[in-house]
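The values are calculated or read from the model by the stated rules, or taken from the named source; none is laboratory data. Every value quoted in this text rests on a predicted model; they were computed, and no experiment measured them. Here the Cβ positions follow ideal geometry from the backbone for every residue, glycine too, while neighbour counts run over all protein chains shown. Each accessible area value is taken on the protein alone, full model and side chains, heavy atoms only, with ligands, DNA and RNA left out. Shrake-Rupley method; radii C 1.70, N 1.55, O 1.52, S 1.80 Å.
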Amino acid sequence: MSFGFEVERIDAVIVDGPEELITKNIMSPFMWRADRHDAGLMALIRAVPRHRAKDEESGRIWYGRSASDGLVFRMDGTPVLVPGPHGKDSNGCEDPTVVPADEGYVVFYTGVDHSRTGHLLYATGKDMRSLEKRGVALPNGKSENDSKEATVLRRSDSWRLLYEYSHAGHSLISLVDGAHPDGPWNEQPDPFSPRPEKWDSWHLSTGPLLLTDPDRPVMFYNGANEDADWGIGWVALSPDLRTVMARCDGPLISPPTDATGPRDIAFAASVVETDGTIWLYYSRNDRELKRATIRQTG
């Protein structure tokens, strides 16, 4: 049997919290286990006003946690990252990614300014309730519009950062490496590209890394055709994330098969593995959260 993954079941993720949160669309679910002895999960999620007006902010980031089921999350009463009065996140805070650091955490996130340009920013803190914004993690040098959606692999003093950028109407994935969360970064070739005539023929966006096998990290990435019908696939990479070792032929979680129906988007954000059980957290239709239980084959 060849190497791959199969979805065993999909469950709805329930978010409980103040009215300011639960009346909004929920997306970008970054879940993680802070301690292997703790059965509960931590969460950062993005909340966006429903029927958002053109000049309304694009999101705030909230923190919460679940019991051992990993399906019901109780969120704090206030968000932990909110748009600033001016600057690179003045119109929104999006796409959180959490990386444990020596004295707490680094949180990469996308800041959106008033011109609707995205910037890859970061914050640090000893915990999620004491985060302080630190500024730009990666400048927008390569991207024609914005850099966003950080996926990070940290090993000792080495930081490898995969991110989404825009070029010629495509969303693409690039790789940089450096010694600190704000660089300086060394640009590397894109690790993989869209494939003509396939489900991911036009757009790619980063997703979470499964690190069960350090010699073959697996990214559950997001891909789409020119009509932006987003689904979730997987790609196995070399330890330095530069070379494709294996890649799915079709999507693991599919975009819609009926092109005339309502738009349907699946977008992976985080993965948690415990004793062989793989939970992939993703957003559906940019408004609700799901969890896929996945089994590795081969």
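Let's see how each residue does on (1) over 18 Å from the mean Cα position of the chain (by Cα); (2) open to solvent by 10 Å² or more (accessible area, probe 1.4 Å):
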position: Leu161; (1), (2): no, no
position: Glu164; (1), (2): no, yes
position: Ala168; (1), (2): yes, yes
position: Ser171; (1), (2): no, yes
position: Asp182; (1), (2): yes, yes
position: Gln188; (1), (2): yes, yes
position: Leu211; (1), (2): no, yes
position: Pro214; (1), (2): yes, yes
query: With respect to the numbered conditions (1) on the phi < 0 side of the Ramachandran plot; (2) touching an Asp or Glu at 6+ places or on another chain (Cβ under 9 Å), which one is the sole condition not fulfilled by Val80?
result: (2)
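Here is a yes/no grid of residues against (1) surrounded by 13 or more Cβ atoms within 10 Å (Cβ to Cβ); (2) under 18 Å from Glu288 (Cα atoms); (3) charged (D, E, K, R):
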position	(1), (2), (3)
Glu19	no, yes, yes
Ile26	yes, yes, no
Ala34	yes, no, no
Ala43	yes, yes, no
Arg46	yes, yes, yes
- line: For strands (runs of 3 or more DSSP E) lying entirely in segment 53-141, having 1 or more residues that are more than 19 Å from Met42 (Cβ to Cβ) and out of contact with any strand residue (DSSP E or B) (no Cβ under 6 Å at 6 or more places or on another chain) picks out 132-138
message: One residue is enough: does segment 275-285 have a residue meeting the conditions among the charged types (D, E, K, R), modelled with pLDDT under 90 and within 20 Å of Leu211 (Cα to Cα)?
response: yes
query: Only one of (1) open to solvent by 60 Å² or more (accessible area, probe 1.4 Å); (2) of a type in the set (Phe, Trp, Tyr); (3) farther than 22 Å from Ser171 by Cβ fails for Trp279. Which number is that?
result: (1)
- request: Those residues that are more than 17 Å from Glu144 (Cα to Cα) and at pLDDT below 95, I need them from segment 93-113; list them, please.
  value: Pro100, Ala101, Asp102, Glu103, Gly104
- prompt: Which one is most open to solvent (accessible area, probe 1.4 Å) among residues in segment 62-77 that are out of contact with any Phe, Trp or Tyr (no Cβ under 8 Å at 6 or more places or on another chain) and at pLDDT 95 or above?
  reply: Arg74
message: Would you confirm whether or not segment 141-153 contains a residue that is at pLDDT below 95, among the basic types (Lys, Arg), open to solvent by 10 Å² or more (accessible area, probe 1.4 Å) and over 23 Å from Pro100 (Cα atoms)?
response: yes
query: Is it the case that Ser156 is among the polar types (S, T, N, Q) and either touching a helix residue (DSSP H, G or I) at 6+ places or on another chain (Cβ under 9 Å) or touching a residue at least 12 places away in the same chain (Cβ under 8 Å) (or both)?
result: no
message: Suppose the filter is open to solvent by less than 30 Å² (accessible area, probe 1.4 Å), of a type in the set (A, V, I, L, M) and either within 21 Å of Gly92 (Cα to Cα) or touching a residue at least 24 places away in the same chain (Cβ under 8 Å) (or both); does Val176 pass it?
response: yes
